[in-house]
Structure formats: C-alpha cells, structure tokens
Amino acid sequence: MAPTPPLVALMGATVTFGGLPVFEKIDLGIARGEKVCLVGRNGSGKSTLMKLLAGQILPDDGERFLQPGARVAYLAQEPSFDGYASVHDFVAEGLPPDDQDALHRVDAVLDRLGLAGDRAPSTLSGGEARRAALGRALVSAPDVLLLDEPTNHLDLPTIEWLEGELQSYRGGLLLISHDRAFLSKLSRRTLWLDRGGIRETERGFAEFETWQQEVFASEEIAAHKLDRKIAAETQWMREGISARRTRNMGRVRALQQLRVDRTERVRGGAQVKLAVAEAEISGRLVIEAEHVAKGFDTAEGRREVAKDFSTKILRGDRVGLIGPNGAGKTTLLKILTGQLPPDSGTIRLGVNLQPVYFDQRRASLDPEATIHQTLCPFGGDTVTAGGQARHVASYMRDFLFDPRLKDTPTKALSGGERNRLLLATLFARPSNLMILDEPTNDLDMDTLDLLEEVLSDYDGTLLLVSHDRDFLDRLVTSVIAVEGEGEVQEYVGGYSDYAIQRQERNGEAAKVRRKETAASAASAEPKQRKKLGYQQQRELDQLPKTMEDLTKKIKAAEARMADADFFSRDPAGFQKTSEGLTKLQAELEAAEERWLELEALREELEASS
C-alpha cells in the first residue's frame, strides 16, 4: 500500500538564530492518523520546529507544505488573549468557520478543564491560561493537532481524560512533552531533533531510550573512521547515557527495597504503634498523623479535605501526594507538616527536623535579583551545598545554567529556568525534610533527569506533590491519594502500583455492592422463588461462551496490533483494528460485570432455599 500523503510537511527547512543554525535541511511530514512525538535536548529547537509546522514563523530556507483545505490547530506554551472579553469567546474562536452552532462543545470542554467561560482572560493564572488554550485547540476539529507541553498544570484526572481524547483523535498529532507516561501511551512514531538534524523511527516513545542507544552505538563506529573529535563527543554522550542507566538500575533496586519496607509498615504494621521512645531516640519518626479530619465551609456548602486519615512517615520515606486540582493536596501537605492545624485528630512531628519547601508559585524568588545574587544572597562567589563549598559557576552548571548568564535577572528567565533556580537554592540549604509542591511543571526532560538524580541521592525524607506519573514511579515509596469528599487513602509503591491497588479496591467494593443488590432483589422476590427466572438463567448459561468468544477476538486483534509493520503497511487497517479492539474490550468488561451480577444473585437465591 502506498504511504499516506502528509497533511503538513517541511522540505529542506532551515532556521537560524543570531547567525547560527538552530536546525538545517530538515524534511518531515505528519499524515492523517499518525501520532508522533518530538523529543530533543533542552534548546535543540523543538518549539521552533513546531511553530514552523504551524505556520507561526517562516523558515530561513526551505518550504512548508499544507495540503489544500487542511486545518492546523497549535497549542503554544504562552497563548495570547488579546481582544477576547471572556474565556468562552477565546475558546469558541477555535470552532471551524462552518460549525459555529456547536457551542455546546465549548461548554463541555471548559467544564472538563475546570474553567468558567464567563471569566475575563486577564484573571487567569498561567496554568488556567494553558488549559484555555488547550480547550481552544480541542474544539477546533483540526486535521492536524500540534501540542507543545499540553499536560503542564493539568491534574491527573484531566491528563487521563486528555489521553482518551487524543487516542480517539483521527487526524495527525504531533506532541512535545516532558511527561514520559503521556508520550509512551500516545505516540506511535518518534522524531528526535539532535544536533541540528532530525532522526525518526516508526517506534513510540516507550522505545526511545533503546533506539537512542542503538543510534549512538552505530555513530561511534562510523565516527571513529572519520574524525577523532566527533568520536570523542559521541562516546561522551553514549557513556553519559549508559552511566545514567547503570545508576538508575541501582536506584531502582534501592527503591524497590524501600517499597518493600514501606509495605511491611503500612500493611503489616499500620495498626501497631511504634514505640515512642525508640522513634524519638533514633530520630526515625518524621510525621505521625492519627485520625486527622479537615474541611472548609464554602458558598456551595461544606468541602471536606480529609476524614479520619492516619499515616506514619519515617526517615527516608518518599511519599507522593496525588489527586484532582482543588481536592486539597496542598492543604493536606500543610497539615502533615504542621503549617495548618486539623479540625480533629493529632499531628506529631519528629525532632530536629530541618525542612525546605518548594512552592509551585516560586514566591520566594526575587524577580529583580540576578542568578548570582539568588544563589549567593550574602555576597561572594561561593555556594555551600551538602557541606561542601562550591564556586557559583560550577554550581550553576550542575543545574544546567551557563555561568555567563549569572547576571541575568530572575524575571527574565523562563518558567522552567525559574524552577531550576529555585531547586538550586533549596538544595544548597541543609535539610532532612524536603517538601516539593509541583516541582516538575515547566521542566524539560533533561532537568527532570537531573532532579530525579538529586532526589534519588537525597538521604532525608521527601514529600512530593506531582501529576507526573513516571516521575512518581521512579521516586516514591508510597502514594497518598486525595480523592475528594474527604476520601484519603495511602497506597504502597509508585503511581502504577496505586492504579493497580485502587482498581483492586474498587473491584472489591463493587463486589460487595453487587452482593447487597442481589440480596435486596432476592428479599423483594416472592417467598416461593428460590432460583433465577428463565431468561436470567438462560443469559447466565450463555455468558461464558460469549466471554470466551470475545477473549479470542481480543487476542487476535492484539496479535495484529503487535505487528511492528502493521501501521506503516496499512494505516487505515491499523486504525480500524485499534477501534475494534477498544470496542471488544468494552463488550467483554460488560459481559463479565453482567455474569458477576447474575452469579451473585443465583448464589443468594440458592443460599436462602
């Protein structure tokens, strides 16, 4: 089958900045049905390339092609609201010209993104402005969707909703994101912007590191034949990544052991109170919460943050806090760290705690101070970090700052750079308790890797609020989920462990509800009825065969999807199989639920006979 023609493409595109090329002679295209991620080191030109595809800027050389009649929607990192009286007006502007009556889509998207349509754009925070721009892109029904960091400032339920929207999207999709889990779930093809050129593979981001290693290995062989300098640089990059992977494997093993220890305490010893004297003498206890409750009276009524929540956090634990925006994560964090009293219950803090706090609003940074002044507030050129004196230039390099920019004022830095600067100031302070509230917003993957390495080596206790699932998986020993309406639960492990355990817990609760429903239904039946009705029994007898047939069809569809060449060989067939697989899985789940309901009812009826 002939390859699908691109909806938008670049041919020989070159962009320069200050006389130096950002990238040169790039060829790429995005076709209908493709889900592509664009990756590259910080400053490699990813956002510039996306603006070029969107038609926001022109290339210095080369051409941009757009298929006649094709519509492109672009989510920029810094949207402009000039000329719009309300958020609703801004989002509705994204509707297709021939579909202005579909204003219900605008209301639905705004509701899902948690934005009031009647608000003035000038009142939006940075994160809210980002969500409004995302809403405008989603309602536009484009042929090509270009999204630059779409998950920034979104909570986990909204990110998962966005994943569902994008999975069913049938146009061409190009993503830039630091969220590894988001990219791994959505992408089927990867573009790598590297040293001014573009590489590509028909593999999703989940296989990016493997592919990157393969590229470096082949480059090293070729480079040795051509130029020693290139070979040395390539070897440095390859060995740097290999060393990081080796360190990461060691950290993974250490983290798994920490999670085992945490499991024994949370599951096996949750009801057994540690000896107070031992905790105080050894300094093991950091935070102990017993039967904590907290709520607020609002115009809409009482809003509960926590009801009867207990936990015990010991030295060395790394605890992640997750939940929807507005559920009360930051409130619970302040309660646990003694900044806010609970309505009832007790909080006990360990002795000799030296906390540092990362505020997602970065309020502690002086916008007029330079990088140098921020890192050395008392003057001089020395930063003391980890008990060691470091020259400010060397310390800046650790956090990916060019020392030549030391006199740059904080207000001139990007959001990601300000986050890095705040992290640099925190890590320079002595601490044994680190409280990080959304530290990953606006950070690129290089900085996330750096932050992960620093936190993995941190000997103290970590409390981390984050919506980055992969980051949580790599770091935390347990997850506290603030789920709304006062429901707070602790789960051992990272985000993936939480998702599995929560599903199991909800499944058990559903079984209890089904049994109660079945018991109620049975008690409502006339006393002489001791078995299922004819139609119910017939349905129960047929369901196992139905489930078996659906399972076979699912396995056959999964086998087709596992063919690495399927998508490139038959994109339309791939899309049809993917949609069919989703439908089959839904049908199987419904059949299993119905079988459980009927089986539970049958058991209740027989038990009462």
**Prompt:** Given charges of +1 on the Cβ of Lys and Arg and -1 on the Cβ of Asp and Glu, with all other atoms neutral, how large is the dipole of the stretch 359-410 about its Cα centre, in debye to the nearest 20?
**Reply:** 120 debye
**Item:** Per residue, the convex hull volume that the Cα atoms of the stretch 293-348 enclose (Å³)
**Value:** 89 Å³
**Complete:** Per the 1/(1 + (r/R0)^6) rule, R0 = 30 Å and r from the Cβ atoms of Glu587 and Ala141, FRET efficiency to 0.05 is 0.60
**Asked** Glu207 versus Arg362, label points 7 Å from Cα toward the beta carbon: distance in nm?
**Response** 3.8 nm
**Square roots of 5 times each gyration tensor eigenvalue, C-alpha, the stretch 23-121, largest first, Å** = 30, 17, 14
**Fill in**
Residues meeting the amide H criterion for Ala385 (H placed from the backbone, H to H distance under 5 Å, 5 or more places apart or on another chain) are Arg390
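Taking neighbour Cβ counts within 10 Å as the exposure measure, how do Tyr534, Tyr357, Tyr498 sort from fewest upward? The partial results should precede the final answer.
Details: Tyr534 8, Tyr357 17, Tyr498 24.
By the 10 Å Cβ count, ascending, the order reads Tyr534, Tyr357, Tyr498.
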**Fill in**
Which residues qualify? For Gly493, with a placed amide H closer than 5 Å and at least 5 residues away or on another chain, they are Ser478, Val479
**Request:** Find how many whole Å separate the alpha carbon centroid of the stretch 104-132 from the alpha carbon centroid of the stretch 30-92.
**Result:** 20 Å
**Item:** From phi via Karplus (6.51, -1.76, 1.60), per-residue ³J(HN,Hα) for the stretch 432-439 in Hz, x at Gly/Pro
**Value:** 10, 9, 10, 10, 10, 9, 6, x
**Message:** Only counting other Cβ atoms within 10 Å, I'd like Trp192, Trp595, Trp161 sorted with the fewest neighbours first.
**Reply:** Trp161, Trp595, Trp192
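Under a Cβ-only charge scheme (Lys and Arg +1, Asp and Glu -1), can you give me the dipole magnitude of the stretch 264-499 about the Cα centre, in debye to the nearest 20?
The calculation lands at about 520 debye.
If you place +1 on the Cβ of every Lys and Arg, -1 on the Cβ of every Asp and Glu, and leave all else neutral, what size is the dipole of the stretch 362-443 about its Cα centre, to the nearest 20 Debye?
160 debye
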**Additional length obtainable on full extension of the chain from Asp111 to Ser218, 0.36 nm per residue less Cα span** = 33.6 nm
**Request:** Determine, from the Cβ-Cβ distance of Glu487 and Glu63 and an R0 of 51 Å, the FRET efficiency 1/(1 + (r/R0)^6), rounded to the nearest 0.05.
**Result:** 0.40
**Request:** Quote to one decimal, in nm, the extra length available between Trp161 and Phe378 on full extension: 0.36 nm per residue of separation minus the C-alpha distance between them.
**Result:** 73.4 nm
**Request:** Please find the FRET efficiency linking Arg429 to Asp118, where r is the Cβ-Cβ separation and R0 is fixed at 45 Å, and quote it to the nearest 0.05.
**Result:** 0.55
**Request:** Using the number of other C-beta atoms within 10 angstrom as an exposure proxy, rank Glu202, Glu483 with the fewest first.
**Result:** Glu202, Glu483
**Asked** What value does the stretch 264-499 have for Rg/Rh, both radii from Cα atoms and Rh as Kirkwood defines it?
**Response** 0.99
**Item:** Residue-by-residue Karplus 3J(HN,Hα) for the stretch 484-491, coefficients 6.51, -1.76, 1.60, Hz, glycine and proline x
**Value:** x, 6, x, 7, 10, 10, 10, 10
**Item:** Listed residues Gln67, Leu7, Val36: farthest to the positive end of the dipole of the stretch 1-70 (Cβ charges)
**Value:** Val36
**Request:** Using 0.36 nm per residue of separation minus the Cα-Cα distance, give me the extension gain between Arg302 and Ala254 in nm, one decimal.
**Result:** 13.0 nm
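Bear in mind that the values in this text are calculations on the coordinates, not laboratory data. No experiment lies behind these values; they were computed from the predicted model shown. Neighbour counts are summed over all protein chains in view; Cβ atoms, including those assigned to glycine, are modelled from backbone coordinates with ideal geometry.
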